[in-house]
1. Got a sec? Which of D400, D331, D341 is at pLDDT 95 or above and surrounded by fewer than 18 Cβ atoms within 10 Å (Cβ to Cβ)?
2. Only residues that are in a loop (DSSP other than H, G, I, E, B) and either acidic (D, E) or surrounded by 20 or more Cβ atoms within 10 Å (Cβ to Cβ) (or both): list them for region 406-423, please.
3. Can you tell me which residues in region 101-128 are in contact with a strand residue (DSSP E or B) (Cβ under 7 Å, 6 or more places away or on another chain) and of a type in the set (D, E, K, R)?
4. Looking only at region 351-358, decide whether some residue is in the same structural domain as A133 (by TED's automatic domain parsing), under 18 Å from L124 (Cβ atoms), of a type in the set (K, R) and in a strand (DSSP E or B).
Amino acid sequence: MRLISRHILRSMAAPFIWGVAALTGMMLLNALPPLIELLGGKGIPFRTMMEGVVLFLPALLALTLPMAVLVSVLYGYSQLAANLEMVAMYANGMSVWRSKDLGDTIIRVPTDLGIYVGTQIWALARHDAAPEALLAGTNTGVYRMDPAAHTWSHAPSPMDDRMAITALTYAPNDPRTIYAGVQPGGVYHSDDGGETWRDLKVPISPYQAVVIRDGRIVPMTEAPKNVRNRAWTRVTQILIESDNPDRIWVGVEIDGMWFTGDGGQTWERFENGFISADIHGIAVTRNDSATVLAATNEGLHVSHDRGMTWSFQKLTSPWQYTRALASRADDSGVMFLTNGDGPPGTIGRLLRSRDHGSSWEDAGLPGEVQSTVYTIATHPADPKLIFAATNLGQIYRSTDGGETWVPLKRRLGEIRALTWIPG
């Protein structure tokens, strides 16, 4: 309740200030001309009249302040439903869960709202400028949410025949342009809001022969010849550069980092300097578009030349396994990196950077974090409101931009994706 009250007060601040100024100004503009005319006709000097107006201001404010408070309170409560909306996506047969009170209560969306409760949710896409543009990538295709009715509908696509849609993103400059990544590895594109799709024919390997040794993926060349597994590749993230939507980065689990500079016409695979081809998350720093960060199963990698070469950046953490990268939505240079002892892991932490990813510190999630921290949710509508979730269902909330965190009461199953949106 205190958290909701703080959001109401935050929404009230600007309308209150503008309300006082506007109401006071309107009353002065209505009262001053006839008053000046009346007093001027009696020979009272203009300076004396202005001194009287200054003396009258406290009484005027006593009239306008209650009206401004009323206006700001009404505005604050009108914005409550619009600003306090979290939609959480969970995989492993648990479908969609949602909250309307910043996660204090979380409920599962029933099947009769359009998406089966046993659906595996792998990915989520929203567009900052279009709250109605909310998509879910699942093991049965793409689903679109109707924000007014809060119902879901299946959007048929050629990806329905793939194992799963594991990554989704909108072009930052156009909510009708969408990219989707799938398992086995592949990338699809739509330029009509998801009505039609085409395969971009990225030459990602459908699978890799690997072996798990001491909790890490060993490539085929290092694996014992008699112990090999065929592991399907999958796209984990698609990142479109905000200042040039033709520059697109695609991270693939166990098949490396892929890039196009011409909107998907041609692709190249970057591997120079990577100690692992198991790419989980990507970020392009906002202060330098030439710097790219990649989270992998073996740790954080950084490129300062647009991906041509990469170097391993050792973290001050007991574990180097990393999953997701996210910038706070205020161009402050604050970034977050999820970390833990493996998938799903038995312990984890959230790391924070204050210098665009050059250095990292523990963000201080409270209590016992019982699996790898897996995903982060931010939104420019309120850069201070951030959510983080672990792979095995713990959810944390920050209302001060990631400086402090509180755990949410409800714990769920395996979480693959999480977001919050204005209502």
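The values are calculated or read from the model by the stated rules, or taken from the named source; none is laboratory data. For clarity, every value in this text was computed on a predicted model and none was experimentally measured. Reconstructed Cβ throughout: ideal geometry from the backbone, glycine too, with neighbour counts over all protein chains shown.
1. From the options D400, D331, D341, the qualifying one is D400.
2. Scanning region 406-423 gives L408, E414, I421.
3. Across region 101-128, the qualifying residues are R108, R126.
4. Within region 351-358, not a single residue is in the same structural domain as A133 (by TED's automatic domain parsing), under 18 Å from L124 (Cβ atoms), of a type in the set (K, R) and in a strand (DSSP E or B).
To keep it simple, each residue is scored yes or no on (1) of a type outside the set (S, T, Y); (2) in contact (Cβ under 8 Å) with a residue 60 or more places away in the chain.
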| residue | (1), (2) |
| --- | --- |
| Y374 | no, no |
| H379 | yes, yes |
| A389 | yes, yes |
| L392 | yes, no |
| R397 | yes, yes |
| G401 | yes, yes |
| R410 | yes, yes |
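Conditions tested, residue by residue: (1) modelled with pLDDT of 90 or more; (2) out of contact with any helix residue (DSSP H, G or I) (no Cβ under 6 Å at 6 or more places or on another chain).
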residue: V53; (1), (2): no, yes
residue: D112; (1), (2): yes, yes
residue: V117; (1), (2): yes, no
residue: H150; (1), (2): no, yes
residue: P158; (1), (2): yes, yes
